[in-house]
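The values are calculated or read from the model by the stated rules, or taken from the named source; none is laboratory data. Computed from a prediction, not measured in an experiment: that's the story for all the values here. Methodologically, a virtual Cβ is constructed for each residue, glycine included, from the backbone with ideal geometry; neighbour enumeration extends over all protein chains shown. These area figures cover heavy atoms from the full protein model, side chains too; ligands, DNA and RNA do not enter into them. Shrake-Rupley method; radii C 1.70, N 1.55, O 1.52, S 1.80 Å.
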Amino acid sequence: MGIAMKETVLKKFEEVFGDSEGVKVFFAPGRVNLIGEHTDYNGGHVFPCALTIGTYMAVKKRDDRKLRFYSMNFDHLGVIESSIEGLKPEKEADWTNYPKGVMWAFEKRGMKMDCGLDIVLNGNIPNGSGLSSSASLEVVTGFMLRELFGFDVTNVELAQIGQYSENNFNGMNCGIMDQFASAMGKKDNAIFLDTADLSYEYAPINLAGAKIVVTNSKVKHSLVNSEYNTRRSECETALAELQAVTDIKGLGDLTEEEFEAHKSAIKDETRVKRAKHAVYENRRTIRAVEALKNNDLETFGKLMNASHVSLRDDYAVSCSEIDVLVDAAWKVEGVIGSRITGGGFGGCTVSIVKDEAIEAFKEQVGKAYQEQVGKTPEFYVVEIGNGPCEL
Ligand code: GLA
């Protein structure tokens, strides 16, 4: 797939910018999170893995200071132009605010490009699916800048720069999970990351007799960014209230018992629920990874299911379409666990399904979704891929 994507993006480069000589092609993956949702900005643990789909970037240096961008995913927008000078977010710049944000973030760290670029993008992550197309775009941009201009940054820093640009250039207060999973991806492994200090370990995923299946609801509600930022600030307020009675740096520092003992310090019922999710989800993630190490897939699945219930009821980031997918999945024999994945309000679910049940899963979940939502979902059997590379 990578080679075909490379050829397609090179061909487009030649078509749009006249010549593909000396053009380099880079790739960074999207991600799916297995468990640990909305914990990454609360100093908790996450457990994502990189996918083999992502963003391809064909790029060539220019003699001047111009930036010219073209995306095969947004053909109708044509070539979008700007300059490497005075980088700032602009509505008309549309999707190019993501790569420009990364360039800006490098500049903030004292790494400034000394010439402009021609860039053509081609992504194979379905738009709005919650599989981190924006993080993969940020990471491929950072990786490209490092390779082309010799900037001295590690892959972990590529993730941090991506997150910084998204927070401060694009106004989405995301945590570090998506960029970290993309920048640090490792074939056939998930990443057990402690967002409190960025320590991490790889966990091989060989689910004997089962596969990870992503189901795309094909809905994305527009409130996602504003609701996301609201959840984040609710957690920050709850943390400040808890800090008045206990010495913690993040909600991820608390066990369930400690939370129950101190929760009366939080002066609002909604905030109690939000903080409860963050605390319990973090502990579920730790337990889930432990269960996986012990080959106890059943416990892993139960924790995924509990994660969904908590995201639906306490964190309120699910939606009716996603609940239809998850409820239907839970009813299929051979489904080990199923939950919403990513930021929420649409996007995808992630399920662990026994090999022999995959066909029935697609059929039954597809049928329920068609009947209750009137749409056909898409299914992907996940292949876990590596981080960014030059092709
Ligand atoms: C989005 C954000 C991540 C993370 C998830 C929820 O994907 O970009 O940082 O917070 O939502 O787990």
Checking Glu258, Glu241, Glu234 in turn, the sole residue that is within 30 Å of Glu298 (Cβ to Cβ), assigned to a helix (DSSP H, G or I) and touching a helix residue (DSSP H, G or I) at 6+ places or on another chain (Cβ under 9 Å) turns out to be Glu258
*Can you find even one residue in region 178-187 that is aliphatic (A, V, I, L, M), away from the ligand (no atom under 11 Å from the Cβ), buried (at least 23 other Cβ atoms within 10 Å of the Cβ) and over 19 Å from Ile384 (Cβ atoms)?*
no
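Yes or no, residue by residue, for (1) assigned to a loop (DSSP other than H, G, I, E, B); (2) within 16 Å of the ligand (Cβ to nearest atom):
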| position | (1), (2) |
| --- | --- |
| Asn127 | yes, yes |
| Ala135 | no, yes |
| Arg146 | no, no |
| Leu158 | no, yes |
Do we find that Ser338 is within 16 Å of the ligand (Cβ to nearest atom), under 26 Å from Ala181 (Cα atoms), of a type outside the set (D, E, K, R) and at pLDDT 95 or above in this structure?
no
Open item on the list: So for region 210-227 (the condition being assigned to a helix (DSSP H, G or I), open to solvent by 20 Å² or more (accessible area, probe 1.4 Å), modelled with pLDDT under 95 and touching a His at 6+ places or on another chain (Cβ under 9 Å)), does at least one residue qualify?
Closed with: yes
Check region 71-81 and report whether any residue there is under 30 Å from Ala278 (Cα atoms) and among the aliphatic types (A, V, I, L, M).
no
In region 39-55, residues that are near the ligand (Cβ under 10 Å from one of its atoms) and either open to solvent by 10 Å² or more (accessible area, probe 1.4 Å) or over 30 Å from Ala240 (Cβ atoms) (or both) total 3
Gly171 meets each of (1) of a type in the set (Gly, Ala, Ser); (2) within 16 Å of the ligand (Cβ to nearest atom); (3) surrounded by 18 or more Cβ atoms within 10 Å (Cβ to Cβ); (4) at pLDDT below 95 with one exception, condition (3)
Quiz item: Looking at region 92-104, is at least one residue modelled with pLDDT under 95 and in contact with a Lys or Arg (Cβ under 9 Å, 6 or more places away or on another chain)?
Solution: yes
With the first residue restricted to region 91-110 and required to be in a helix (DSSP H, G or I), and the second required to be crowded, with 19+ Cβ neighbours inside 10 Å and charged (D, E, K, R), Cβ contacts under 8 Å at 6 or more apart or on different chains are Ala93/Lys100; Tyr98/Glu138; Tyr98/Glu166; Pro99/Glu138; Gly101/Glu138; Gly101/Glu166; Val102/Glu138
Residue pairs within 7 Å by beta carbon, gap of at least six or interchain, first lying in region 69-81 and without any contact (Cβ under 8 Å) to a residue 12 or more places away in the chain, second β-branched (Val, Ile, Thr) and crowded, with 20+ Cβ neighbours inside 10 Å, listed first then second, are none
Checked Ala58, Ala28 against criteria (within 16 Å of the ligand (Cβ to nearest atom), of a type in the set (Gly, Ala, Ser), surrounded by 24 or more Cβ atoms within 10 Å (Cβ to Cβ) and under 30 Å from Gly175 (Cα atoms)); the one match is Ala28
